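For reference, the structure is listed below as C-alpha coordinates.
The values are calculated or read from the model by the stated rules, or taken from the named source; none is laboratory data. Fair warning: this is a prediction, and the values are worked out from it, not measured in the lab. Glycine also receives a Cβ, built like all others from the backbone with ideal geometry; neighbour counts cover every protein chain displayed. Quick note on the areas: whole protein, heavy atoms, side chains included, nothing else; ligands and nucleic acids left out. Shrake-Rupley method; radii C 1.70, N 1.55, O 1.52, S 1.80 Å.
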Amino acid sequence: VQLQASGGGLVHTGDSLRLSCAASGRNFESDVMVWFRQAPGKEREFVAAISGNGRGTYYSDSATGRFTISKDVAKNTMYLQMNSLNPQDTAVYYCAARRSPIPTLNLADYDYWGQGTLVTVSS
(Lines give C-alpha, C1' and ligand atoms only; values in the text may rest on other atoms or scores of the structure.)
Protein backbone atom coordinates (compact mmCIF):
# COMPACT_ATOMS: atom_id res chain seq x y z
CA VAL A 1 0.00 0.00 0.00
CA GLN A 2 1.40 3.36 -0.98
CA LEU A 3 0.43 6.99 -0.71
CA GLN A 4 2.25 9.31 -3.07
CA ALA A 5 2.07 13.01 -2.27
CA SER A 6 2.89 15.56 -4.94
CA GLY A 7 2.23 19.12 -6.02
CA GLY A 8 4.46 21.06 -3.67
CA GLY A 9 6.73 23.83 -4.81
CA LEU A 10 7.95 27.38 -4.33
CA VAL A 11 5.29 30.06 -4.55
CA HIS A 12 4.78 33.65 -3.45
CA THR A 13 2.44 35.03 -0.82
CA GLY A 14 -1.12 35.01 -2.10
CA ASP A 15 -0.54 32.23 -4.61
CA SER A 16 -2.34 28.90 -4.81
CA LEU A 17 -1.22 25.29 -5.00
CA ARG A 18 -3.02 21.99 -5.30
CA LEU A 19 -1.51 18.99 -3.58
CA SER A 20 -2.38 15.46 -4.61
CA CYS A 21 -2.16 12.19 -2.75
CA ALA A 22 -2.43 9.17 -5.02
CA ALA A 23 -3.18 5.88 -3.31
CA SER A 24 -2.33 2.44 -4.59
CA GLY A 25 -2.57 -1.09 -3.28
CA ARG A 26 -5.78 -0.45 -1.40
CA ASN A 27 -9.13 1.15 -2.12
CA PHE A 28 -9.45 4.10 0.25
CA GLU A 29 -13.09 4.71 -0.54
CA SER A 30 -14.18 4.06 3.03
CA ASP A 31 -11.12 5.39 4.82
CA VAL A 32 -10.48 8.73 6.39
CA MET A 33 -7.74 10.62 4.58
CA VAL A 34 -5.92 13.60 5.98
CA TRP A 35 -3.22 16.16 5.41
CA PHE A 36 -0.72 17.02 8.10
CA ARG A 37 2.20 19.41 7.78
CA GLN A 38 5.49 19.91 9.52
CA ALA A 39 7.32 23.20 9.46
CA PRO A 40 11.06 23.37 10.20
CA GLY A 41 11.69 22.90 13.90
CA LYS A 42 8.04 22.26 14.70
CA GLU A 43 5.85 19.26 15.37
CA ARG A 44 3.66 17.75 12.71
CA GLU A 45 0.24 19.37 12.81
CA PHE A 46 -3.19 18.59 11.44
CA VAL A 47 -4.34 20.55 8.40
CA ALA A 48 -7.47 18.91 6.98
CA ALA A 49 -9.37 15.64 6.90
CA ILE A 50 -12.06 14.09 4.76
CA SER A 51 -14.33 11.34 5.98
CA GLY A 52 -14.60 7.94 4.40
CA ASN A 53 -17.69 8.80 2.39
CA GLY A 54 -16.34 12.23 1.48
CA ARG A 55 -19.28 14.05 3.00
CA GLY A 56 -17.44 15.30 6.05
CA THR A 57 -14.53 17.68 5.89
CA TYR A 58 -12.58 19.12 8.77
CA TYR A 59 -10.00 21.88 8.88
CA SER A 60 -7.54 23.43 11.27
CA ASP A 61 -8.18 27.04 12.18
CA SER A 62 -5.34 28.16 9.91
CA ALA A 63 -6.73 26.21 6.96
CA THR A 64 -10.36 27.19 7.33
CA GLY A 65 -11.52 29.44 4.55
CA ARG A 66 -8.35 29.04 2.50
CA PHE A 67 -7.87 25.31 1.94
CA THR A 68 -10.25 22.75 0.49
CA ILE A 69 -9.83 19.01 0.84
CA SER A 70 -11.46 16.65 -1.61
CA LYS A 71 -11.38 13.06 -2.70
CA ASP A 72 -11.79 11.43 -6.10
CA VAL A 73 -12.89 7.89 -5.35
CA ALA A 74 -12.60 6.76 -8.97
CA LYS A 75 -8.96 7.85 -9.05
CA ASN A 76 -8.26 6.81 -5.45
CA THR A 77 -6.73 10.23 -5.00
CA MET A 78 -7.10 12.98 -2.43
CA TYR A 79 -6.43 16.66 -3.04
CA LEU A 80 -5.72 19.77 -1.03
CA GLN A 81 -6.43 23.05 -2.79
CA MET A 82 -4.54 25.78 -0.99
CA ASN A 83 -5.34 29.42 -1.70
CA SER A 84 -4.04 32.68 -0.27
CA LEU A 85 -0.82 31.04 0.83
CA ASN A 86 1.45 32.87 3.23
CA PRO A 87 4.93 32.16 4.62
CA GLN A 88 3.41 30.49 7.71
CA ASP A 89 2.17 27.73 5.39
CA THR A 90 5.74 26.75 4.54
CA ALA A 91 6.13 23.10 5.54
CA VAL A 92 6.39 19.55 4.34
CA TYR A 93 2.85 18.35 3.73
CA TYR A 94 2.08 14.71 4.42
CA CYS A 95 -0.98 12.74 3.44
CA ALA A 96 -2.19 9.86 5.53
CA ALA A 97 -5.05 7.40 5.69
CA ARG A 98 -6.81 5.53 8.43
CA ARG A 99 -8.64 2.22 8.13
CA SER A 100 -11.72 3.79 9.62
CA PRO A 101 -14.37 6.25 8.47
CA ILE A 102 -13.80 8.38 11.60
CA PRO A 103 -11.14 11.12 11.54
CA THR A 104 -8.88 11.89 14.49
CA LEU A 105 -6.11 14.38 15.17
CA ASN A 106 -3.80 11.72 16.56
CA LEU A 107 -0.95 10.89 14.20
CA ALA A 108 -0.64 7.43 15.70
CA ASP A 109 -4.15 6.56 14.54
CA TYR A 110 -3.17 6.71 10.89
CA ASP A 111 -2.12 3.50 9.19
CA TYR A 112 -0.60 4.74 5.96
CA TRP A 113 1.61 7.75 5.25
CA GLY A 114 2.92 9.40 2.13
CA GLN A 115 6.48 10.64 1.84
CA GLY A 116 5.65 14.34 2.02
CA THR A 117 5.83 17.19 -0.43
CA LEU A 118 7.53 20.50 0.34
CA VAL A 119 5.61 23.75 0.09
CA THR A 120 7.63 26.93 0.36
CA VAL A 121 5.91 30.30 0.40
CA SER A 122 8.09 33.36 -0.01
CA SER A 123 7.06 36.80 1.17
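Among the residues that make up the stretch 51-58, is at least one of them touching a Leu at 6+ places or on another chain (Cβ under 7 Å) and among the aromatic types (Phe, Trp, Tyr)? No, that holds for no residue. Only residues that are in contact with a Leu (Cβ under 7 Å, 6 or more places away or on another chain) and of a type in the set (Gly, Ala, Ser) were counted across the stretch 97-121, and they come to 2. Of the residues making up the stretch 103-112, at least one is closer than 16 Å to Val1 by Cα, surrounded by 15 or more Cβ atoms within 10 Å (Cβ to Cβ), within 14 Å of the chain's Cα centre (by Cα) and touching a residue at least 12 places away in the same chain (Cβ under 8 Å). Among the residues of the stretch 28-61, the ones that are within 14 Å of the chain's Cα centre (by Cα) and basic (Lys, Arg) come to 2 in all.
Here is a list: Ala22, Ala63, Ala74. Which entry is assigned to a strand (DSSP E or B) and closer than 23 Å to Tyr112 by Cα? If you could, list the steps in order and put the result at the bottom.
Working: Ala63 fails: assigned to a strand (DSSP E or B); Ala74 fails: assigned to a strand (DSSP E or B).
Only one candidate passes the filter, namely Ala22.
Once the stretch 88-102 is narrowed to residues that are assigned to a loop (DSSP other than H, G, I, E, B) and open to solvent by less than 40 Å² (accessible area, probe 1.4 Å), the residue that is modelled with the lowest pLDDT is Ser100. Taking (1) farther than 20 Å from Gly8 by Cβ; (2) among the basic types (Lys, Arg); (3) open to solvent by 70 Å² or more (accessible area, probe 1.4 Å) in turn, Lys75 satisfies each apart from (1).
Residue-by-condition table, conditions (1) open to solvent by less than 10 Å² (accessible area, probe 1.4 Å); (2) charged (D, E, K, R); (3) touching a residue at least 60 places away in the same chain (Cβ under 8 Å); (4) closer than 22 Å to Ser16 by Cα:
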position	(1), (2), (3), (4)
Ser30	no, no, yes, no
Pro40	no, no, no, yes
Phe46	no, no, no, yes
Asn53	no, no, no, no
Gly56	no, no, no, no
Tyr59	no, no, no, yes
Ala63	yes, no, no, yes
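For the stretch 1-16, a residue qualifies if it is open to solvent by less than 30 Å² (accessible area, probe 1.4 Å) and of a type outside the set (Val, Ile, Thr), and the qualifying residues are Leu3, Ala5, Gly9.
Do the conditions hold for Ser30, that is, is it part of a loop (DSSP other than H, G, I, E, B) and either of a type in the set (Ser, Thr, Tyr) or touching a helix residue (DSSP H, G or I) at 6+ places or on another chain (Cβ under 9 Å) (or both)? When the stated conditions are applied, Ser30 passes them.
Matching residues to (1) at pLDDT below 95; (2) not basic (Lys, Arg):
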| residue | (1), (2) |
| --- | --- |
| Leu10 | no, yes |
| Ser20 | no, yes |
| Asp31 | yes, yes |
| Pro40 | yes, yes |
| Glu45 | no, yes |
| Gly56 | yes, yes |
| Ser60 | no, yes |
| Lys71 | yes, no |
